[in-house]
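A short worksheet on the structure shown next.
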Amino acid sequence: MIIKAIKKLIEFFVNLTSQKTAEIPKAKTPKKSSSDAPIKQTVQIPENEIPLSTDDNGIILVSEESIPKLEPGFSLDTCTLKNCEDFSTIGHVLNSLPNKPIYVPSLVRDEFHDKECTKSGRLRNFDEALAGLAKSLHRKIYYVEIGTQTKITCWYIRNLSKYLLAKWKRFGLHHPDNIHLAFAKITGSTIITSDKIMIRSLKQEQMQHIEF
């Protein structure tokens, strides 16, 4: 009995050592999570970013859709641009003002009559006057599209200008000066003008202005 037991014990150890070593399963390579994937860089344009273009004279062109995003600056009326054309020293005066944008609404182009001459006797030309102003200033000039004297395409300027005309007509405000007031009011800008009637209306409306 003892011999049989010893034989079985020997057979047990022989079988145990002769068994093939079980293969260790390879660890699975973890899949990359979505956070490990390459991140595409996208450029986000701020909400207040204004799509702009520039003409050959460095004048920045602004569409009417961008008007509510414009920061407060200085708005020139037709009289001021004519004064700048007649007196070259005015550029130095404008350069001495705080460093803010200079706005020229498209209405000024419509009011710039070729029949009227400069002090030198030359027929006035809006494009030449604006280009000359740009060369004399050390700051950006924005030409803002709002429409013409007979058709203001920017509806919020059109509506506000009608309201201002009805409000201050008894003080002498007339078309198209009411449009200049509306543009300046919407952008929070300071009007630069030598028009006495406009100045009177600006004072009544308590708007910032500079008497040229």
Order by accessible surface, 1.4 Å probe, largest leading, for residues Trp155, Trp168 comes to Trp155, Trp168
One finds the C-alpha centres of the stretch 59-115 and the stretch 162-210 to be spaced, in Å, by 15 Å
Stretched fully, the stretch from Glu71 through Lys162 gains (0.36 nm per residue minus C-alpha distance, one decimal, in nm) 30.4 nm
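May I ask you to derive the FRET efficiency for Thr89 and His175 from their Cβ-Cβ distance with R0 = 30 Å, giving the value to the nearest 0.05? Display every interim value, and only then the final one.
Values: r = 32 Å, r/R0 = 1.05.
It comes out at approximately 0.45.
Over all distinct alpha-carbon pairs, what is the Kirkwood Rh of the stretch 97-212 in angstrom? Let's see the in-between values first.
Numbers: mean 1/r = 0.0662 Å⁻¹.
Roughly 15.1 Å, rounded to one decimal.
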Violations at 31 Å Cα threshold for listed pairs Lys140/Lys169; Lys119/Lys162; Lys82/Lys162; Lys135/Lys169; Lys151/Lys185; Lys135/Lys162 -> Lys140/Lys169; Lys119/Lys162; Lys135/Lys169; Lys135/Lys162
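Would you mind calculating the gained length between Thr148 and Ile197 on full extension (0.36 nm times residue separation, minus the Cα-Cα distance), in nm to one decimal?
The span from Thr148 to Ile197 would gain 15.5 nm if fully extended.
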So, over other residues within a Cβ distance under 11 Å of Gly91, counting Lys, Arg +1 and Asp, Glu -1, the net charge is +1
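The values are calculated or read from the model by the stated rules, or taken from the named source; none is laboratory data. Note that the structure is a prediction, hence the values are computed from the model and not measured. Note that each Cβ is placed from the backbone with ideal geometry, even for glycine, and that neighbours are counted across all protein chains shown. Surface areas here come from the heavy atoms of the whole protein model, side chains and all, with no ligands, DNA or RNA. Shrake-Rupley method; radii C 1.70, N 1.55, O 1.52, S 1.80 Å.
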